[in-house]
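Structure record follows, encoded as structure tokens.
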Amino acid sequence: MSADQSPKIVIVDESPVRAAILEEGLREAGFTEVVHIREMQSLLARIYAVDPDIILIDLENPSRDVLEAMFQVSRAVKRPIAMFVDQSDSASIQASVEAGVSAYIVDGLKKERIKPILDLCVSRFNAFAKLQEELERTKSQLEDRKIIEKAKGILMKVKGLTEDEAYVLLRSTAMREKKKIGEIAQSIITASEMLK
Amino acid sequence: MTGPLRIGFIPLVDAAALIVAVDKGFAAAEGLEVELVREVSWSNVRDKLNIGLFDAAHLLAPVAIASSLGLGHVKVPIAAPFNLGINGNAITVSPALHAALMEEIDGDRFDPLATARALAKVVASRRKLGAEPLTFGMTFPFSTHNYQLRFWMAAAGVDPDEDVRLVVLPPPYMVDSLRSGHVDAFCVGAPWNSIAVDLGVGHILHFVSDILARAAEKVLAVRQVWADKNPDVVAALVRAAVKAAEFIESPENLSEAAQILAQPERLGVDAEVIQRSLTGRLKISPEGTVRESGRYLLVGREGAGRPDPVQAAWLCAQMVRWGQTALSTEALKTAMAVFRPDLYDAALGHSGEGQASAPVGAFAGPAFDPQDIAGYLTSFAVSRRAP
């Protein structure tokens with residue numbers, strides 16, 4: 001690989017969304033040669049075929065152990081591969097492990113070229129994790145809303161309240177008991193099911 | 001210490017003493033609060049332990065040694081104050097390979113020399129036919145599985161690097177790979193061999209105890225620096241693991257121990273399958289043949305929990321034999337120092353005196369002598385030892 005050529009990057013990830021986020025970021029940063037491998041069965045064969053300079057893999061992917069073997073049995077591969085982070089880079093390895101990304105770099109690639117790629121991956125992985133978190137939160141908020149609606153219905157029926165009064169009762173109870181309104185609503189539903 | 005201890009594990013039966021120590025309350029009784037974290041790869045366990053995201057881990061014994069020697073990755077000295085299992089692996093082969101081996105075998109089918117010689121014949125006739133070499137799955141370059149497969153086949157002259165293919169596969173992928181023909185055989189820990197047999201895609205050819213009478217398998221690993229800083233926590237962990245191992249080894253607790261391990265957030269497989277590994281009564285063929293061994297997996301009996309530096313030396317010798325590292329007095333010393341019977345004894349208030357090493361008991365080659373590894377290794381014809 002000549003110095004001005006874009007390094008060939010392989011992304012090994014079973015999550016198409018995260019791989020897309022990563023790929024997009026890499027392309028924006030000017031890394032044009034990016035290949036995404038999703039199939040784990042023929043992983044090594046695919047990697048040999050692409051012959052990448054850098055392999056990025058999700059830490060939660062069991063195939064990491066397969067990659068570790070690649071740079072042990074260098075006789076089987078065209079070029080030896082080494083994990084990027086060396087002894088002096090414990091801060092980098094910590095950041096990447098915490099973000100959930102692991103990088104394998106073909107020997108000989110210059111460190112100053114690797115650093116921006118890894119930094120980008122870490123921030124993209126973190127962005128993806130945040131996205132997931134938000135998705136979860138929205139989902140649980142939606143779930144809460146459904147539960148509150150149902151609990152309001154029960155209160156209206158049993159206590160003859162209006163919808164507004166039922167909501168005020170739920171809210172004030174939640175405040176008094178220092179609980180989430182969703183939790184109070186859930187206990188009303190549970191109780192009413194038990195009393196059926 | 002602040003917060004609970006974070007301890008990583010791979011869902012395998014030989015994490016039993018660790019899991020039971022936490023889930024049955026032996027750790028809490030020692031004043032420890034522990035969060036067990038299930039992991040998907042040995043690389044992850046090693047990395048998270050090395051950088052301090054884990055305080056301790058269920059770790060392949062050879063990975064603990066490789067980490068201390070700086071092989072394959074960054075150099076982080078590891079201490080193993082407790083041995084989580086002796087033996088416990090098995091070699092499983094596809095029905096087709098099993099039939100081919102049984103056709104060629106001359107001798108007892110549980111005799112590893114007889115099966116290795118049969119393998120040599122199968123390999124030779126495949127070569128004559130121009131067939132693809134046989135592929136064997138194992139779990140990690142620095143793994144007991146890798147060394148056990150190599151030791152076995154090389155005894156009959158099968159060169160593990162030239163005559164067959166050895167590939168790394170994550171344990172959960174083993175059974176599927178055998179079914180799809182991606183591999184012809186594998187060596188892995190419980191419960192994966194039993195699962196292959198139950199699904200009708202494999203025959204258990206050998207318990208690893210056929211190959212080595214006593215082989216250290218997993219260790220409870222901590223960073224050396226961490227052990228130095230937290231001697232009381234290490235001692236409490238060892239005591240909790242010792243009590244858990246005693247609990248598991250009492251026949252009346254077997255089914256409860258299997259239930260604990262079977263939980264979805266632990267191993268997540270059927271308790272009955274786990275119990276087979278704990279009792280050493282395993283179904284070895286899809287037709288239902290059962291084989292029993294008192295040495296299948298030792299969790300705590302026969303002093304299994306006490307780390308034995310001779311075992312570390314044997315593993316180091318395998319690394320040298322297969323070209324993963326060069327032999328040096330320094331490397332051997334470092335490897336042996338990973339296994340810490342002193343920490344084990346201190347935790348239990350034992351003096352450690354009169355504790356002899358039990359022999360490795362390999363089926364081939366001379367008796368192992370940690371004082372003369374170079375001499376020991378010259379007796380093996382097949383070797384990748386760096387000149």
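None of the figures in this text is laboratory data; all of them are computed from the coordinates on show. Source: prediction; values computed, not measured. We place every Cβ from the backbone using ideal geometry, glycine too, and count neighbours over all the protein chains shown.
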Length gained when the stretch A:E134-A:L195 is fully extended (0.36 nm per residue, less Cα-Cα span): 18.3 nm
By Cβ neighbour count within 10 Å, fewest first, A:L26, B:L113 rank B:L113, A:L26
State, to one decimal in nm, how far the label point of B:E33 lies from the label point of B:E132, with both points 7 Å from Cα in the Cβ direction. 5.3 nm
Which cross-chain or sequence-distant (5 or more) residues have an amide H under 5 Å from the amide H of A:V35, H modelled 1.01 Å from N in plane? A:I9, A:V10, A:I11
Applying the Karplus parametrisation 6.51 cos²θ - 1.76 cosθ + 1.60 with θ = phi - 60° to the phi angles of region A:137-153, what ³J(HN,Hα) value in whole Hz is obtained for each residue in order, glycine and proline being reported as x? 5, 4, 4, 6, 5, 4, 4, 4, 4, 4, 5, 5, 4, 5, 5, 4, x
Quick one: which residues, 5+ away or cross-chain, put their amide H under 5 Å from the amide H of B:G85? H built at 1.01 Å from N. B:E217, B:K218
Give the residues of region B:179-211 whose amide nitrogen is closer than 16 Å to a point set 7 Å from the Cα of B:F363 in the direction of its Cβ. B:186-188, B:203-211
Fewest first, what order do A:C121, B:C316 take by the number of other Cβ atoms within 10 Å? A:C121, B:C316
Three-way shape call for chain A based on the alpha-carbon gyration tensor, with the a/c threshold at 1.5: prolate
Taking only the alpha-carbon positions of the protein assembly as shown as identical scatterers, the Debye log10 I(q)/I(0) at q = 0.07 Å⁻¹ comes out as -0.48
In this structure, the FRET efficiency calculated for A:S42 and B:K75 from their beta-carbon separation, with R0 = 30 Å, to the nearest 0.05, is 0.35
If I model a spin label as a point 7 Å beyond the Cα along the Cα-Cβ vector, how far apart are those points for B:E292 and A:E112 in nm? 7.0 nm
Determine, from the Cβ-Cβ distance of B:L377 and B:K333 and an R0 of 25 Å, the FRET efficiency 1/(1 + (r/R0)^6), rounded to the nearest 0.05. 0.90
Karplus ³J(HN,Hα) for region B:187-203 (6.51 cos²θ - 1.76 cosθ + 1.60, θ = phi - 60°; Hz, whole; x = Gly/Pro) runs 10, 7, x, 6, x, 5, 5, 5, 5, 4, 5, 4, 7, x, 9, x, 10
A correct Karplus calculation of ³J(HN,Hα) over region B:143-149, with 6.51 cos²θ - 1.76 cosθ + 1.60, θ = phi - 60°, whole Hz and x for Gly and Pro, returns 9, 4, 4, 4, 5, 5, 4
Going by a ≥ b ≥ c, the root eigenvalues of the Cα gyration tensor, does region B:239-355 fall in the rounded group (a/c under 1.5), the prolate group (a/b larger than b/c) or the oblate group? oblate
What does the charge count around A:A29 come to, taking other residues whose C-beta lies under 14 Å from its C-beta (Lys +1, Arg +1, Asp -1, Glu -1)? -1
Helix B:95-104 against the longest principal axis of chain B: what's the angle in degrees, Cα atoms only, rounded to the nearest 10? 60 degrees
Taking every DSSP beta bridge with both residues inside the protein assembly as shown, roughly what % is antiparallel (nearest 5)? 60 percent
Between A:A91 and A:I154, the FRET efficiency computed from the C-beta separation at R0 = 45 Å comes out, to the nearest 0.05, as 0.25
Nitroxide proxy distance, nm - points 7 Å out along Cα→Cβ at A:K146 and B:H350: 5.7 nm
